[in-house]
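Notes follow the structure.
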Amino acid sequence: MNQPASYYRQQVAWGEPDPALGGARRAVLRVPLDYRRPGERDIEIGIARHSATGRRQGVLLVGPGDDLGNSGLALLAALLGSLPDRLTEAFDVVGFDHRFMGASTPVFCDLEPEERFWVFHQPESFDAEMRYQATVAAKCSAGTLDLLAHANSRNICRDMDVIRGVLGADRIYYLGYSYGTYLGAVYGEMFGAHLNRAVLDAICSPDWVWRGLFTDFPANGERALNRWCRWAATQHATYRLGTAGPEVRAAYDSVLAAVDRGEPVTLMGFPLDRTLARLIPVGILNSEKAYPVLADILRHLLTQADLDASSMEFLARMFGEPKEESGTVAQLAILAGDALWPRSPALYEQDMLKAAGEFPWTGAALNGIKAPAFWPVPPAEPATRLGTESGGGSYLLVAADEDMSTPWAAARRMHEVLGERSTFVTVADTAHHRVFPFYGNTGLNELVCDFLLTGSTPGPDHVCPNPDRLLEPAASGRG
């Protein structure tokens, strides 16, 4: 499929520096809704660019968002406050919202607040969960398939290449997190001649697309939760949750059991349901820097002790505003648009019951039936095969060895698939999701800068030590 040349030549108007985006300038460009029929109908892609402050080397394109459906423009703003000066001096740093969310032709479907958390929705029964997930799929697809049938990762990568062309870059540099790592790998297969060097951090397994993203989580989640329990036990003098990891886990499980029985359990006066009682720890366990927040919350739930100011601030950031709807809608459409999900309810029911026994924290929620199983149209094209001889670009793969959401094993699998085009780096003894530059590991930050600026790599299977670890290593997260 040839990219339509006229879109690459379009002129865009850059706005004034936006303080909310770290001084980046916004613009909107046009891309085809359907690349098979360019010119028939266009959509808009919202982008922002922070120009290099020194001698310019090129364009560093930041993948759209961290987890699928999150704003790439918001990620750009966070990065601009954290990137080493060596990179902001050398690169125009560019971010964008992917199609159908945020600033890029967003789609809204009047989802209820509860329906926006469909990914982690905790089943009451299999039949009830089928009705819930089918309702979410129906609401998201009703009257929107003229747009959402064109939601998939390959079209997002085509949009990325239009951005490259509009910016006048023959080859781009790339930085992606979580879902953005998958996009970086797909872009290298589709447009390898235009990819110079890419850093992938918090890496999705190429085997996940996409039900595997869900079914892989519960085992990693159990390991992450129990790691936190070990840490909380070392803080018994402060939080009084138990002197050993299993005691702390029993305390948390007692809260879950009460919620599941329908007993009133409140957080700062707000009632917790079966989903939120599990989702709040998920949002916290992606970094041990937030471990004290979860300990404080559990202490509050057990004793009604006042929350620390830092915990209230964390919860305000997490739930102060409703989850953005267009990101949720686009997330579902892309998950369904990249690969066909199994249609057999019996398969999901069997998997749900098995996982509920093996992984009691999130097994039932993540292995049960999900909204993409009810999506009314099949994918428009097959998922991209990664690691082919036609792919291009060189990759630095970064993995936190205890990452819950994108575990070390997933990053290792991407390294196997990309082969000699990739170098693998582990940051030891941390669960921090998105290590560069947000965790502040000096050794890693220097390594990433050297790679992007010069192409130098530290050699195979490099490990960055972690002088800031909160607890001694136990069982590795490399499962």
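For region 109-127, which positions are open to solvent by 30 Å² or more (accessible area, probe 1.4 Å) and either of a type in the set (A, V, I, L, M, F, W, C) or within 23 Å of residue 344 (Cα to Cα) (or both)?
If the condition is that a residue be open to solvent by 30 Å² or more (accessible area, probe 1.4 Å) and either of a type in the set (A, V, I, L, M, F, W, C) or within 23 Å of residue 344 (Cα to Cα) (or both), then 117, 120, 124, 125, 127 are the ones that fit.
Given (1) farther than 30 Å from residue 456 by Cβ; (2) more than 19 Å from the chain's Cα centre (by Cα), identify the lone condition not met by residue 386.
It is condition (1) that residue 386 fails.
Identify, from the list 79, 87, 83, the residue that is part of a loop (DSSP other than H, G, I, E, B), closer than 29 Å to residue 406 by Cβ and touching a residue at least 12 places away in the same chain (Cβ under 8 Å).
On the way: 79 fails: part of a loop (DSSP other than H, G, I, E, B); 87 fails: part of a loop (DSSP other than H, G, I, E, B).
After applying the criteria, what remains is 83.
Would you confirm whether or not region 260-279 contains a residue that is more than 22 Å from residue 354 (Cα to Cα), open to solvent by less than 20 Å² (accessible area, probe 1.4 Å), assigned to a helix (DSSP H, G or I) and touching a residue at least 40 places away in the same chain (Cβ under 8 Å)?
no
Per-residue answers, yes or no, for (1) part of a loop (DSSP other than H, G, I, E, B); (2) surrounded by 18 or more Cβ atoms within 10 Å (Cβ to Cβ):
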site: 388; (1), (2): yes, no
site: 397; (1), (2): no, yes
site: 424; (1), (2): no, yes
site: 436; (1), (2): yes, yes
site: 460; (1), (2): yes, no
site: 472; (1), (2): yes, no
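Tell me which residues, restricted to region 304-342, are loosely packed, with under 13 Cβ neighbours inside 10 Å and either in contact with a Cys (Cβ under 9 Å, 6 or more places away or on another chain) or not charged (D, E, K, R) (or both).
Initially, region 304-342 is screened for residues loosely packed, with under 13 Cβ neighbours inside 10 Å, giving 304-306, 309-310, 316-317, 320-322.
Within region 304-342, 304, 305, 309, 310, 316, 320, 322 qualify.
For region 354-366, which residues satisfy the criterion of being touching a residue at least 24 places away in the same chain (Cβ under 8 Å) and surrounded by fewer than 20 Cβ atoms within 10 Å (Cβ to Cβ)? Steps first, please.
We begin by selecting, within region 354-366, every residue touching a residue at least 24 places away in the same chain (Cβ under 8 Å); these are 355, 358-366.
Answer for region 354-366, where residues must be touching a residue at least 24 places away in the same chain (Cβ under 8 Å) and surrounded by fewer than 20 Cβ atoms within 10 Å (Cβ to Cβ): 358, 360.
Test each condition in (1) buried (at least 20 other Cβ atoms within 10 Å of the Cβ); (2) in a loop (DSSP other than H, G, I, E, B) for residue 106 and report the one that comes out false.
So residue 106 meets the others, but not (1).
Being in contact with a His (Cβ under 8 Å, 6 or more places away or on another chain), open to solvent by 30 Å² or more (accessible area, probe 1.4 Å) and part of a loop (DSSP other than H, G, I, E, B) is true for just one of 207, 170. Which residue is that? Give the derivation first.
Numbers: 207 fails: in contact with a His (Cβ under 8 Å, 6 or more places away or on another chain).
That would be 170, the only listed residue that is in contact with a His (Cβ under 8 Å, 6 or more places away or on another chain), open to solvent by 30 Å² or more (accessible area, probe 1.4 Å) and part of a loop (DSSP other than H, G, I, E, B).
Could you count how many residues in region 234-248 are open to solvent by less than 30 Å² (accessible area, probe 1.4 Å) and under 17 Å from residue 223 (Cα atoms)?
Step one: of region 234-248, the residues open to solvent by less than 30 Å² (accessible area, probe 1.4 Å) are 239, 241-242, 245, 248.
When the remaining residues are screened for being under 17 Å from residue 223 (Cα atoms), the result is 245, 248.
Selection size over region 234-248: 2.
Pairs needed: first member in region 20-36, over 18 Å from residue 72 (Cβ atoms); second member anywhere, open to solvent by 10 Å² or more (accessible area, probe 1.4 Å) and assigned to a strand (DSSP E or B); C-beta distance under 7 Å; at least 6 residues apart or different chains.
32/42; 33/42
Residues in region 33-42: is at least one surrounded by fewer than 21 Cβ atoms within 10 Å (Cβ to Cβ), within 29 Å of residue 451 (Cα to Cα), modelled with pLDDT of 95 or more and not basic (Lys, Arg)? Don't jump to the end; show me each part of the working.
First pass over region 33-42, keeping only residues surrounded by fewer than 21 Cβ atoms within 10 Å (Cβ to Cβ): 33-42.
Okay, now just the ones that are also within 29 Å of residue 451 (Cα to Cα), so none.
So far as region 33-42 goes, no, none of its residues is surrounded by fewer than 21 Cβ atoms within 10 Å (Cβ to Cβ), within 29 Å of residue 451 (Cα to Cα), modelled with pLDDT of 95 or more and not basic (Lys, Arg).
Filter region 198-229 for residues that are of a type in the set (Asp, Glu) and under 12 Å from residue 409 (Cα atoms) and give the result. Steps first, please.
Step one: list which residues in region 198-229 are of a type in the set (Asp, Glu), which gives 201, 207, 216, 222.
Matches in region 198-229: 207, 216.
The values are calculated or read from the model by the stated rules, or taken from the named source; none is laboratory data. Note that this is a predicted model, so its numbers are computed, not measured. Methodologically, a virtual Cβ is constructed for each residue, glycine included, from the backbone with ideal geometry; neighbour enumeration extends over all protein chains shown. Just so you know, the surface numbers come from the protein's heavy atoms only, side chains and all, with ligands and any DNA or RNA stripped out. Shrake-Rupley method; radii C 1.70, N 1.55, O 1.52, S 1.80 Å.
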